[in-house]
Every structure is written in structure tokens, then in C-alpha cells.
Amino acid sequence: MMMKTANTLRAAAIMLCILSSHDRCGCFAAPPMTRQSAREIIDNKGADPISGIWRIGGDGATIAILPQQGSITRFDIFLLDSPDMSVIPGKMTGSAVTTGQLCTYDATLSDVTAGKSKRFRCIMTIGNDGHLTIKPYKQGKRISLRRWLPHLFRITVSDYDTRPSGVDGAVKIYPPTTPSEPVLL
């Protein structure tokens, strides 16, 4: 019994030492990103067209795309606000890197719904009108099991999608750009 208590006290002392180290080794998560701190970072470093606060069209979520520390080609993507209450605001949800084409970025995003995290890749493109278009893509290997079935049972099942491409995207909120909607004078 005495040994168990000593081990518990030793473990508590170690935890206190770790917690009081003030993150010297970078082991602790950064505080969540807020809209105000995102604006400050954009005002100080945001020279790239993708740097800013964006509102995603479909569900109304708000994201911040900020340059990574010490890099001009890599960006962090933070979720600032979401209608989904299960997602923690201010959490980093992805990253992006510039590509060989102007205003085109290769991004990796994570979708956290119902406690499950799923990562997907997409290409983000800034159009002439200033809108951010998001086009998901898949990369990997496929195995066709149809070759193992007899010829008679080779029934093809295919998916089709009539939704137009290029409609998933976002509108820049900050810093303001040219208006995307008519302005009444």
C-alpha cells in the first residue's frame, strides 16, 4: 500500500514538472485560433492571395488560412466558426502548399464529424473574381475484383454525379477584396 502511494505521488510530481515547463519542448497544443488573432497574423504576414478569413458557401463555416511560421509556400487552415456544434472552433483542420500554377494550392483537410476524423485532399484555386474554389481528389491504388468473377457475373455498377464541378468554394471575408455582390448606391 505504501509503495502504491509513493508511485502515485511520484507520478503527480512528474506531471507537475511537465506542466510547469511552459511548453519549452513544444509538446502541448497551441491555444485555439481566434478571429482577432487571425486578423493580426494576416495584417502582419498575409501577402499571399490565399491568406485571409474565408466563409465556405455550403454550410457557412468560417476558416482562416494563415502562412506557416518561417515559410512563404505553406499555409495552415484553422476552423474559426462552424454550424456543427461537435467541432471545436479555433482548431487547425488542415494545411496547404503552393503549386506550380498561379493562385492554385494543394491542400489536405480533415473532416471531424461525430468524433471521427477523416482526411481528404483537394485543390484550392482562387478565381479572377476572388472566390476560392475547392475541388477534392483521390490518390491511391485500386484493385479490380471483377477479373476473378466468371464472365456471366460481370455486372458493372457505376456512380454518377450530375452536380456541376466548381461550385464548392468560399468567399473572402477579411481582408476585404472587390465586392462579389452588387452594392446599392
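The values are calculated or read from the model by the stated rules, or taken from the named source; none is laboratory data. What you see is a predicted model, and the numbers here were worked out from it, not measured in a lab. Glycine gets a Cβ as well: all are built from the backbone with ideal geometry, and neighbour counts include every protein chain shown. These accessible areas exclude ligands, DNA and RNA; they are computed on the full protein's heavy atoms, side chains included. Shrake-Rupley method; radii C 1.70, N 1.55, O 1.52, S 1.80 Å.
Computed values, structure above
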| quantity | calculated |
| --- | --- |
| Total formal charge among the other residues, if their Cβ is under 14 angstrom from that of Leu66, Lys/Arg +1 and Asp/Glu -1 | +2 |
| All lysines inside 27 Å of Lys118 as judged from Cα atoms, apart from same-chain residues fewer than 8 positions distant | Lys91, Lys135, Lys138, Lys141, Lys172 |
| Projected label distance in nm at Tyr160 and Ile143, using a 7 Å step from Cα toward the beta-carbon | 3.0 nm |
| Gain on full stretching of the segment that runs from Gln36 to Thr73 - 0.36 nm per residue minus C-alpha separation | 11.0 nm |
| Where Met85, Met92 fall by accessible area, highest first, once all protein chains stay in place (1.4 Å) | Met85, Met92 |
| Potential lengthening between Asp129 and Asn44 on full extension [0.36 nm per residue; Cα-Cα distance subtracted] | 28.2 nm |
| Cα→Cβ-extended label distance, 7 Å offset, between Phe120 and Val87, nm | 1.2 nm |
